[in-house]
Amino acid sequence: MPVPMDLPRAMHKTFVRDKEACASFRKTCPQSLRRLSRLRRISVPAGLLLLLVAGQSVSGQVKMPRLDFHERTLANGLRIVSAENRTSPTVAIQVWYHVGSKDDPAGRSGFAHLFEHMMFKSTRNMKSEMMDRLTEDIGGFDNAFTNDDTTVYYEVVPSNYLETLLWAEADRLSGLNVDAQNFKSERDVVKEEYRQTVLAPPYGRLDYFLQQKSFTAHPYKRPTIGSIEDLNAAALADVQAFHASFYRPDNATLVVVGDFDQQQLDTWIDKYLQPIAKPGSPLPRVTVKEPQRKKEVRFTENGPNVPLPAVGITYLTPPITDADAESLRVAQTILSAGESSRLYHALVYEQQIAQSASATANLLEDVGLFHLNAIAASGRKPEDVEASLLAEVKKMQDAPVSQAELDKAINQIVTSQLLERETNDGKALALGTATVLLGDPNRVNTDLVRLQAVSTADVQRVMKKYFNSENRLVLYYLPEPAKSKPEGR
């Protein structure tokens with residue numbers, strides 16, 4: 001069985017939530033791995049950039065270099081967004097499939113994530129893992145990630161290999177072998193990933209439970225990684241039907257950024273991707289709406305290897321396209337970015353009531369979810385941790401944050417975005433996000449202005465609007481009760 005061969009990929013392929021909100025899941029996600037690599041390559045310029053941005057106030061309006069792009073949609077529905085950039089002899093290729101874990105069939109959670117793995121197996125013209133050989137063996141890299149709304153496959157290669165990768169992406173879109181051998185091997189890999197990322201870590205189940213319990217109707221309640229029970233229950237026919245439903249040209253967006261000629265790119269696209277047929281069946285889309293919360297809901301869960309109690313609090317928030325999205329990102333940064341953030345300073349440093357505390361603005365396509373998480377310090381009760389978390393929320397509701405605190409938070413987000421745009425794959429990621437999730441590729445050129453327009457009043461307003469008791473879910477994650485010894489022992 002080829003599972004051990006595939007385990008390194010399973011370690012690198014994990015589900016991703018929000019682009020900025022990386023408090024938990026994104027510690028091992030593909031972007032995080034790439035960001036570490038980028039920081040090593042550009043450590044001196046990045047440090048200089050941080051100093052320059054930190055010296056700017058909001059009124060200074062740091063400007064993002066404009067990203068000029070070309071759009072095209074093929075007759076089969078495939079959308080292409082491309083941007084030439086000759087600063088390095090490389091090209092980034094990304095294929096965004098508009099299918100995520102919210103599209104998993106009922107009782108079959110994990111299918112979108114499963115296909116993230118299966119797309120690296122054999123096709124009509126390639127043997128298994130050939131995508132790795134076409135990238136890594138020439139000094140490039142490839143990987144993929146799955147989240148609630150999308151599944152994304154990406155490569156960065158020397159630019160003279162662009163044609164080869166376009167051929168390969170066309171081949172696995174139109175000719176993937178969804179057979180019993182590939183299904184069973186990758187199902188085992190995903191099950192092992194579930195054991196490593198959910199069952200083995202002390203707090204791996206905390207985010208899993210929060211995702212499940214925070215939604216009552218919307219399929220966002222199905223965690224992206226799925227479950228072993230659902231994966232075991234899946235049949236080959238289920239997997240083949242899912243692939244036929246979502247892996248099609250009219251559900252895909254190709255993003256190409258780097259050292260290429262647009263006319264030549266169009267010629268290759270016409271040669272390899274244009275001939276792929278568009279299915280006659282309609283694309284299935286999630287239409288379920290999550291009802292508004294009307295009262296606080298509370299849960300308690302126990303874990304077998306939990307050393308200290310943890311508290312998770314969630315609030316439903318609007319989707320990623322909403323006008324309040326940027327204000328929520330800023331609120332997250334003020335609460336949780338670094339050791340000078342409000343949660344760390346209050347709960348970890350001053351009160352010493354928690355050993356860690358974080359906030360995550362998980363802005364999704366249909367409805368968002370804002371998390372507050374904290375792991376109690378030794379000897380501290382979850383009730384006290386919850387009270388401290390809510391006290392920090394109330395402070396931001398009762399009084400506006402200072403202008404200096406707002407400027408600092410915005411500068412942190414701006415710096416992150418500028419660093420991301422330093423590379424072709426970072427530019428491609430921004431273009432893909434804007435095109436697929438925000439509905440407008442030009443948002444790559446306008447979102448910084450939206451962010452810099454956030455005011456202290458905006459932050460206070462969203463804290464009051466969404467962070468109320470009627471919209472609150474509280475989860476206590478506790479160690480399992482000690483088992484009593486049988487009498488006579």
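No lab work stands behind these numbers, since they all come straight from the coordinates. All of these numbers come straight from a predicted model, not from anything done at the bench. We place every Cβ from the backbone using ideal geometry, glycine too, and count neighbours over all the protein chains shown.
For the pairs 63/289; 184/271; 294/395, note any where the Cα-Cα span goes beyond 30 Å.
Checking Cα-Cα distances, 63/289; 184/271 exceed 30 Å.
Starting from the Cα of residue 121, draw a straight line to each of the aspartates and glutamates and keep only those under 15 Å, dropping any in the same chain fewer than 8 residues away.
Residue 121 reaches 6, 129, 132, 142, 169, 171, 179, 186, 188.
At 0.36 nm per residue, and after removing the present C-alpha to C-alpha distance, how many nm does the segment from residue 138 to residue 351 gain when stretched out fully?
71.4 nm
So what's the back-of-envelope 222 nm ellipticity for the chain, counting only DSSP H runs of four-plus at -39500 (n - 2.57) apiece and dividing by all residues, rounded to 500?
That calculation yields -12000 deg cm²/dmol at 222 nm.
Could you let me know the centre-to-centre spacing of the range 300-352 and the range 187-256, using Cα atoms, in angstrom?
24 Å
For every other residue with a beta carbon closer than 9 angstrom to the beta carbon of residue 91, add +1 if it is Lys or Arg and -1 if Asp or Glu, then tell me the sum.
Residues near residue 91 contribute -2 overall.
Viscosity 0.692 mPa s, temperature 37 °C: give me the Stokes-Einstein translational D for the range 297-479 in µm²/s, with Rh taken as the Kirkwood radius over C-alpha pairs.
Result for D is 189 µm²/s.
What FRET efficiency comes out for the pair residue 296/residue 241, r = Cβ-Cβ distance, R0 = 35 Å, nearest 0.05?
Calculated value: 0.30.
In nm, to one decimal, how far is the modelled label at residue 229 from the one at residue 87, with both set 7 Å along Cα→Cβ?
According to this spin-label approximation, the distance is 5.0 nm.
Largest first, please: the extent of the C-alpha atoms of the chain along each principal axis, to the nearest Å.
69, 65, 41
How about residue 465: which aspartates and glutamates have a C-alpha closer than 16 Å to its C-alpha, ignoring those fewer than 8 places off in the same chain?
296, 322, 324, 326, 392, 398
Fewest first, what order do 431, 406 take by the number of other Cβ atoms within 10 Å?
With the sparsest Cβ surroundings first, the list reads 406, 431.
On a full-extension model of 0.36 nm per residue, what is the gain between residue 478 and residue 195, subtracting their alpha-carbon distance, rounded to one decimal in nm?
Computed gain between residue 478 and residue 195 is 99.9 nm.
What does the net charge come to around residue 108 if you take all other residues with beta carbon closer than 12 Å to its beta carbon, with K and R at +1 and D and E at -1?
Summing Lys and Arg as +1 and Asp and Glu as -1 gives -3.
Cα centroids of the range 116-155 and the range 371-412: how far apart, whole angstrom?
Cα centroid of the range 116-155 versus Cα centroid of the range 371-412: 40 Å apart.
At R0 = 41 Å, how high is the FRET efficiency between residue 63 and residue 180 if r is their beta carbon distance? Nearest 0.05 is fine.
Efficiency computed from Cβ-Cβ geometry: 0.15.
Counting Lys and Arg as +1 and Asp and Glu as -1, each charge on the Cβ, what is the dipole of the chain about the Cα centre in debye, to the nearest 20?
Once rounded to the nearest 20, the dipole reads 900 debye.
Within the range 317-361, whose backbone N sits under 19 Å from a point 7 Å along Cα→Cβ of residue 455?
Backbone N within reach: 323-331.
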